[in-house]
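K.L.:
Structure in structure tokens, see below.
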């Protein structure tokens, strides 16, 4: 009895904060999503917010953008990271130096990275368009063209995702069983075959893990959009994402109920995704 | 022969990717020394290391203040997180009490809720408590973390149970056990929590942006964002401000690079 | 000095480890809790130390119940099976640790002085500034004992302390432990599953089975006069030969041999032999080679040399039985031997395990 009292006492600082800032806001989010939007005089309005959000073309745009972003950034980022990690793994000397370099962007704030990219991608004097000019490609209006806004975010997303992936993949490679390679060399397999037949299957759990993490992170992008377009979601909300939509509803136009309904929908999507991912992972590991 | 071609391609690829990774930061630093004219003439390297941009930025916005605010909030929330996390994990790992399993289950569920879903209602809470534009408001929600509790849990579980039993038999109080045994023995885990929590605090953006509208209370991230909006297209000034906000964390990164990387790997793999 | 009364312990998963255990231990005694793993001996030790609460029953130290006394106030010290030495502390710090924590902690100088005393006793002077993982298993064991003795406890509890050591070291350290605790006159409770260890070092053995103490006696008594079939089977290596025999008049008969009950000492019967079938137990050393008056003759199927003695295997009543003879007798596999029985040292049990002779 005394012992369990002590346990709860020790847990209480963490639990109080977690209840106040994790549990209650979750409940409140769900609650608000069924309320009319003004805070002072709100009342229960059933699913109306959900209907508004689900029929809002801007929300469709946000979900579409988020999905396309995830579908582009996750595989491309992962493949580039995998190639880099595989090459770095063969570097015996400067492996750690390169690891430190490639990881650096990860710890720098998105706002800082975004503001650098805003300059690099500038139509008139951005370096990227300058380089494209060498190949006779017309300057691309990365920042002010609604058709291209999503591409801009995707480029930035891929560039930002490399560091984390490389570091995790390298650690996975370092833990591989080297005996398989000795066997493969004896059998005369070349580097490429070794990678394809031995390395990749062994990395599968880590790759699945990275897929999950990257996907969930993609669903949550917001700061990237906010900073690249300097406080907007691209021209005419062309680069709006799910979280940006919630932010806009909640903080800019103060329609709390609709914002929270969108948040619940996003949470559900992430939840369903995680569950499916887990089922696949369980099947993979059982084999 | 074939393997040589492979090797050369690999080297070129890595060089290219290193350039792509590093160039933005190098260019950022260079532009911070340029005039607007130098920038639009597409020069890569500034003609001299002229500090006038820095003077102007620091005159226009109080980045020193933002820096101090950031150090203060990141440090405090890290220390608070360490305290709450260590106490909670001690209770979870070393003590048995009714309801433990259910509590852990609830926490696992909370782990799945993305931060962005919670942050807006937290903003309402802080606003209702009248804590807008206060350090308390900035720090409070990040003084405990389900994620770090689970991470330290998995770390402490590897510690022999008899360490705690021996301490009990010889009459050490729980606090003595935590200070003399638990903390020294779980140093790597605690370092990981400290480093990651500090970096999180340093880079946090959405939360300070919601909670502060007084420019004196801004942190580096939202300060930089606000500055960029004010100066719109004056890129040399923006890059100067970006450089100012980035340098401290880059220095921090190079000092603790190995610990930071292994922290990220450890927490990543554990999940 | 220590009295354990009707102790019950039921775990959270409803498993009952202790089922009304009674035991008393005298001051200065070295007692072994002996039993197979899972019999409840470690649980009992944990309850004695105060690390676990019993479900019911009582423990009295010098007449006072200690159930509500926290571990630190029980005047006990506990040596763990894995020693539980703190890896980040040196030997000296580990030995000092008990003195530097809790309400009555000593000053650094006092603690150091006392720690040095016990480090000397355990001959660890050379290692005081080393960390535990730099020491051998035996040295770690000594540190653990020094760290326990430094508390100057009335009662020393040792939880399978020799388990992690190799065979020769075990012999050496168990002697050292006995000399040490006897010279300091500390009441010691020693948990082990190794009967040889128990027989060689304890004043008394409490044999624990299935949550009960089945016999509490001196090592000699427990070996020679087992209280029941379980004790008889447990003690002794090689273990006692057991045969099921049927009572027929004044004889016990079986396929291959008979025992005439008139040859047994009448005063040693604890009860009359009412039942039909009995277990007869004969230790391998009480089969005798008796060419003149054999009870049976048999062929040796296997021979194990131990040293000055050897163990011969043969078939009796379709079961393998063993006899210990002097190696000097030069019997080899395949030899035919005539075997007699030392009737003074056989035991008779009922089928449900009660000893009747």
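K.L.:
Kindly list the number of the only condition in (1) free of Cβ contacts under 8 Å to residues at least 12 places away in the same chain; (2) within 20 Å of residue A:80 (Cβ to Cβ) that fails for residue A:134.
P.N.:
Only one criterion in (1) free of Cβ contacts under 8 Å to residues at least 12 places away in the same chain; (2) within 20 Å of residue A:80 (Cβ to Cβ) is unmet by residue A:134, namely (2).
K.L.:
Okay, moving on. Select from the stretch B:71-108 the residues that are under 26 Å from residue B:218 (Cα atoms), without any contact (Cβ under 8 Å) to a residue 24 or more places away in the chain and either buried (at least 18 other Cβ atoms within 10 Å of the Cβ) or within 9 Å of another protein chain (Cβ to nearest Cβ) (or both) and list them in ascending order.
P.N.:
Scanning the stretch B:71-108 gives a single hit, B:83.
K.L.:
If you check residue B:150 against the conditions, is it touching a residue at least 12 places away in the same chain (Cβ under 8 Å) and either outside any loop (DSSP other than H, G, I, E, B) or within 14 Å of chain C (Cβ to nearest Cβ) (or both)? So that I can check it myself, show each step before the final result.
P.N.:
Details: touching a residue at least 12 places away in the same chain (Cβ under 8 Å): yes; either outside any loop (DSSP other than H, G, I, E, B) or within 14 Å of chain C (Cβ to nearest Cβ) (or both): yes.
Criteria met by residue B:150.
K.L.:
What number of residues within the stretch A:250-268 are at the interface with chain B (Cβ under 10 Å from one of its Cβ atoms) and within 23 Å of residue B:223 (Cα to Cα)?
P.N.:
Looking only at that region, the number is 2.
K.L.:
Given the structure, is residue C:62 on the phi > 0 side of the Ramachandran plot, in contact with a strand residue (DSSP E or B) (Cβ under 9 Å, 6 or more places away or on another chain), surrounded by fewer than 20 Cβ atoms within 10 Å (Cβ to Cβ) and within 14 Å of another protein chain (Cβ to nearest Cβ)?
P.N.:
no
K.L.:
Give C:102, C:40 a once-over and let me know the one that is modelled with pLDDT under 90 and buried (at least 21 other Cβ atoms within 10 Å of the Cβ). Talk me through it step by step, then tell me what you get.
P.N.:
On the way: C:102 fails: buried (at least 21 other Cβ atoms within 10 Å of the Cβ).
Selected residue: C:40, the only one of C:102, C:40 that is modelled with pLDDT under 90 and buried (at least 21 other Cβ atoms within 10 Å of the Cβ).
K.L.:
Let me ask something else about it. Identify all residues within the stretch B:34-57 that are more than 14 Å from chain A (Cβ to nearest Cβ) and in contact (Cβ under 8 Å) with a residue 60 or more places away in the chain; write none if there are none.
P.N.:
The answer is B:54, B:56.
K.L.:
Another question about this same structure. So which residues in the stretch C:12-34 are more than 19 Å from the chain's Cα centre (by Cα) and part of a strand (DSSP E or B)?
P.N.:
Selection gives C:16, C:19, C:20.
K.L.:
Which count do you get for residues in the stretch B:160-199 that are at the interface with chain C (Cβ under 10 Å from one of its Cβ atoms) and not in a helix (DSSP H, G or I)?
P.N.:
5
K.L.:
Scan (1) more than 13 Å from residue B:18 (Cα to Cα); (2) surrounded by 21 or more Cβ atoms within 10 Å (Cβ to Cβ) for the single condition residue A:71 breaks and write down its number.
P.N.:
Failing condition for residue A:71: (2).
K.L.:
Please note which helices (runs of 4 or more DSSP H) are completely contained in the stretch A:157-238 and include at least 1 residues that are buried (at least 19 other Cβ atoms within 10 Å of the Cβ), modelled with pLDDT under 90 and away from every other protein chain (no Cβ under 12 Å). Steps first, answer last, please.
P.N.:
Values: elements: A:179-187, A:191-194, A:200-219, A:223-228.
Those helices (runs of 4 or more DSSP H) span A:200-219.
K.L.:
Take the stretch C:70-86 and flag every residue that is at the interface with chain B (Cβ under 7 Å from one of its Cβ atoms), out of contact with any strand residue (DSSP E or B) (no Cβ under 6 Å at 6 or more places or on another chain) and either surrounded by fewer than 18 Cβ atoms within 10 Å (Cβ to Cβ) or assigned to a loop (DSSP other than H, G, I, E, B) (or both).
P.N.:
C:82, C:84, C:86
K.L.:
What helices (runs of 4 or more DSSP H) lie completely within the stretch B:206-271 and have 3 or more residues being more than 10 Å from every other protein chain (Cβ to nearest Cβ) and closer than 16 Å to residue A:223 by Cα?
P.N.:
B:206-211
K.L.:
So residue C:26 fits all but one of (1) farther than 19 Å from residue A:3 by Cα; (2) away from chain B (no Cβ under 14 Å); (3) surrounded by 14 or more Cβ atoms within 10 Å (Cβ to Cβ); what number is the exception?
P.N.:
Every condition holds for residue C:26 apart from (3).
K.L.:
Of the conditions (1) in contact with a strand residue (DSSP E or B) (Cβ under 8 Å, 6 or more places away or on another chain); (2) outside the structural domain of residue C:195 (by TED's automatic domain parsing); (3) surrounded by fewer than 16 Cβ atoms within 10 Å (Cβ to Cβ), residue C:247 clears all except one; give me its number.
P.N.:
Here residue C:247 meets the rest and fails (3).
K.L.:
From A:141, A:129, A:122, grab the single residue that is more than 21 Å from the chain's Cα centre (by Cα), surrounded by 18 or more Cβ atoms within 10 Å (Cβ to Cβ), assigned to a loop (DSSP other than H, G, I, E, B) and within 11 Å of another protein chain (Cβ to nearest Cβ). Show your work before the answer.
P.N.:
Values: A:141 fails: within 11 Å of another protein chain (Cβ to nearest Cβ); A:129 fails: assigned to a loop (DSSP other than H, G, I, E, B).
None of the other options fit; the residue is A:122.
K.L.:
Regarding the stretch C:108-120, can at least one residue be identified that is farther than 11 Å from residue C:96 by Cα, crowded, with 20+ Cβ neighbours inside 10 Å, in the same structural domain as residue C:170 (by TED's automatic domain parsing) and at pLDDT below 95?
P.N.:
The answer is no, given that none of the residues of the stretch C:108-120 is farther than 11 Å from residue C:96 by Cα, crowded, with 20+ Cβ neighbours inside 10 Å, in the same structural domain as residue C:170 (by TED's automatic domain parsing) and at pLDDT below 95.
K.L.:
Let me ask you something else. Quick one: residue C:205 ticks every box in (1) farther than 17 Å from residue C:194 by Cβ; (2) crowded, with 19+ Cβ neighbours inside 10 Å bar one, so which box is it?
P.N.:
Going through the list (1) farther than 17 Å from residue C:194 by Cβ; (2) crowded, with 19+ Cβ neighbours inside 10 Å, residue C:205 breaks only (1).
K.L.:
Sticking with this one: Assess whether residue C:37 counts as being more than 11 Å from chain B (Cβ to nearest Cβ) and either under 15 Å from residue B:166 (Cβ atoms) or not in a loop (DSSP other than H, G, I, E, B) (or both). I'd like the intermediate steps shown before the answer.
P.N.:
Numbers: more than 11 Å from chain B (Cβ to nearest Cβ): yes; either under 15 Å from residue B:166 (Cβ atoms) or not in a loop (DSSP other than H, G, I, E, B) (or both): no.
Here the answer is no, as residue C:37 does not meet what is asked.
K.L.:
Looking only at residues in the stretch C:121-140 that are surrounded by 15 or more Cβ atoms within 10 Å (Cβ to Cβ) and within 14 Å of chain B (Cβ to nearest Cβ), which one is nearest to the chain's Cα centre (by Cα)?
P.N.:
C:140
The values are calculated or read from the model by the stated rules, or taken from the named source; none is laboratory data. These figures come from a predicted structure and were not determined experimentally. When we count neighbours, we look across all protein chains shown, and the Cβ atoms used for this are built from the backbone with ideal geometry, even at glycine.
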